[in-house]
Ligand code: F3S
């Protein structure tokens, strides 16, 4: 038989062979039913169907039930996901899962009193471990108890760790971070999701995804000089815009694919998130093989090679849209400011800056991050820095390097790149997100002061990196960012302009060069992984949560349905107009309470506009007659045993998949959310938490309701799929009215409602 290949070096009991066999079996069923050539995206997605024999498969239409191979979570989102999982009562996650401590480490570039006067990676990590101790302890113990691999702070950025250890061609994974698609560089169908989806998959429920459309990007030619894989995605972003990939998987193909490194392909897939794509994928190729061998996964490389027919599109497969890029003609790009789809060719960039009046003087240059910190990236950037060093010049502006992982950091240190970066004045930050996610203690520019920075990251929305909405952030390849750091000005074009060396002579930077993979192999550096203990050891573990903590709180399962109609519920708020998940559960300063449902519930609906007075966060308490804040009023009703509903407008809950927007109303005593229409993900999230998302059969009935009315929801005893419910309204003058509401619950989801939540339903099934 073929050699047995473990899913990762940490998971010796799970085998890639079995996954490939399952994909093949499902595809055999799917091929018979569809009888048409398949794209790569379809092969991998349909290869993970829960029920390939009966699943409807129409691109852009059907809702697929899928069985992903793994789950990855970053520390900011993992908190609520693990708390929910714990509350299910299940003894262990049903799907290989990992937690990555990367988002909570703040980067510094100047001496800090709270870091003993020091700054940079080592000092920042030490400080983060101190300030986030309870969150890290919780995640470490929860991971150990429930069988989740735990990557400690300092290990690196989730997507880089996944690429180095877990990504394998043809797998499907979900991650609680929008740049999860990074693993598409190694042929994974990797999708970014909210915590609620991660909980489902860890609990053994199928994961639901609308069958994606497929956009084909044909690559021809070969890159040269300053052009790099980053420029491919910067170009694609310019063509498709930030919305162009919505609901689609972007699939690359063509002879140009072979010319790119595996990590370069990962960069392209990573930034596919910037065009709204579900994910991006590359077909299996030799460069993936090389990367797998280099990261000590030769067995997987050979297995994937043998499986490659299933890892690329069939001849004649059709795409919903196709674009073509000739790599030989592709120019280096710089995109921005404020949006990643504002694409500039390098040759036109200086002119564009001038025309638009953007500050051309540079204030900071930042390389690395999950997007661009491969060995190749670092080698090419170092080749530029080395030329400055030889000419006796340094970076003119603060220059930071964020290694994607401890393995990258250790390897580039061994190979001398870190030394070069530091010699031109660079600061090596910790192996974490840092400035990429706004964890940057920037002190050189005042808030509101217009200035420019350039990064090799992915997102450049206003205030993303430093919290200053006046910072113009541009994105480019690490080698180009390094050249800008040395020049200190964005109107510098390294392809034609010269710099002045220490001796006064002009120098021209030669195009970057660098090895794709380290010739001496990777140095894994400090061991930063905590493997889950054996099941007997796990049984005796307990999860650490301080009952007095303000940041973490264990969850109690929600109560099951009481078996009767909802009677005389108060209307907490009748919302007017737009109500996104940000209106329902704000981010910003509230992020630190992501692991504490009661505390974060103090932001519930504080952004929604009350139709009664046109104000946010001001509603009349129907019991006391007094005006108060929305969360306080909800708490009061809960204490008094009064159930309540929210009445809302169109597309209620649009925005992110944030599960807090459903957990909070449930926690504070909501029974139903009645609106003109829902954003689909939020609607499902509400169902998962045991709430009733209902829509007016006649949207005009929205007008009928006065905020002081009482509403009863009738028909729950015969609650069934497709059968509408009735709402009976009572005015304060005693008069009554009635209207019909629709719902989209299926049998299974009705069971969630009756059990009190999807998790309760799951736990009951497990116990039975
Ligand atoms: Fe995300 Fe940047 Fe971290 S894109 S995972 S915040 S490095």
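Read-outs throughout are calculated quantities, based only on the coordinates presented, and are distinct from any laboratory measurement. Nothing here was measured: the structure is a model prediction, and the numbers come from that model. Quick reminder, even Gly has a Cβ in these numbers, built from the backbone with ideal geometry, and neighbours come from all protein chains shown.
For segment 566-767, the relative contact order is 21 percent, taking Cα pairs closer than 8 Å that sit 6 or more residues apart in sequence and dividing their mean separation by the residue count.
One way to sum up the overall shape of segment 145-195 is the equivalent ellipsoid from its Cα gyration tensor, whose semi-axes run 18, 13, 11 Å, largest first.
Summarising the label geometry, the points placed 7 Å from Cα in the beta-carbon direction at residue 556 and residue 470 lie 5.0 nm from one another.
When the helices of the chain are scored as -39500 (n - 2.57) per DSSP H run of n ≥ 4 and the total is divided over every residue, the value at 222 nm lands at -9000 deg cm²/dmol.
Measuring spread by the Cα atoms of segment 333-495 yields a radius of gyration and Dmax of 14.5, 44 Å.
When 683, 274 are sorted by how many other C-beta atoms sit within 10 angstrom of their C-beta, beginning with the fewest, the order is 683, 274. Spatial offset of segment 514-581 relative to segment 136-183 amounts to 13 Å, using the alpha carbon center of each. Contact order, relative form, for segment 333-495: 36 percent (alpha carbon pairs under 8 Å, 6 or more residues apart, mean separation divided by residue count). With the simple model of a label 7 Å out from the Cα in the direction of the Cβ, residue 506 to residue 640 spans 8.0 nm. Computed from the Kirkwood radius of its Cα pairs, the Stokes-Einstein diffusion coefficient for segment 651-706 at 4 °C and 1.567 mPa s stands at 112 µm²/s. For the chain, the share of DSSP beta bridges that are antiparallel, to the nearest 5, is 40%.
One decimal place: the segment residue 326-residue 355 gains 7.6 nm when fully extended, by the rule 0.36 nm per residue minus the C-alpha distance.
When only Cα pairs below 8 angstrom with a gap of at least 6 residues are kept, the chain shows a relative contact order of 13 percent.
Geometric descriptor of the chain, per residue, is 168 Å³ (volume of the convex hull of the Cα atoms). Helix 478-487 and the long axis of the chain differ in direction by around 60°, with both axes built from C-alpha atoms. Extension gain, residue 623 to residue 61, is 197.8 nm, computed as 0.36 nm per intervening residue step minus the present C-alpha separation.
Rounded, prolate or oblate for segment 82-213? Axes are the square roots of the Cα gyration tensor eigenvalues, ordered a ≥ b ≥ c, and the cut-off for rounded is a/c under 1.5. Display every interim value, and only then the final one.
On the way: a/c = 2.60, a/b = 1.56, b/c = 1.67.
Here segment 82-213 falls in the oblate category.
Put in line by how crowded their Cβ is, counting other Cβ atoms within 10 Å and starting with the fewest, 447, 441 read 447, 441. Specify whether the C-alpha gyration tensor of segment 290-426 places it in the rounded, prolate or oblate class, a ≥ b ≥ c being the square roots of the eigenvalues: rounded for a/c under 1.5, otherwise prolate if a/b is larger than b/c and oblate if not. Oblate. Sorted largest first, the spans of the alpha carbon positions of segment 595-698 along the three principal axes are 35, 35, 22 Å. Look at 519, 88, 360 and count the other Cβ atoms within 10 Å of each Cβ; fewest to most, that gives 519, 360, 88. Between 0 and 90 degrees, rounded to the nearest ten: what's the tilt of helix 630-639 against the longest Cα principal axis of the chain? For 630-639 against the chain, the angle is about 40 degrees. Taking every DSSP bridge with both residues inside segment 566-767, close to 60 percent are antiparallel.
Based on the Cα atoms of segment 636-757, what semi-axes does the equivalent ellipsoid have, where each is the square root of 5 times one gyration tensor eigenvalue, given in whole Å with the largest first? Don't skip to the answer; put the middle values down first.
On the way: eigenvalues 91, 55, 47 Å².
Listed largest to smallest, the semi-axes of segment 636-757 are 21, 17, 15 Å.
Which percent, to the nearest 5, of DSSP beta bridges fully inside segment 333-495 are antiparallel? Around 25 percent antiparallel, to the nearest 5. What residues from segment 720-757 fall in the zone where the backbone N is under 18 Å from a label point 7 Å along the Cα-to-C-beta line of residue 704? Within reach of a label on residue 704: 723-743. Seen against the Cα atoms of the chain and their longest principal axis, helix 758-767 is set at about 90 degrees.
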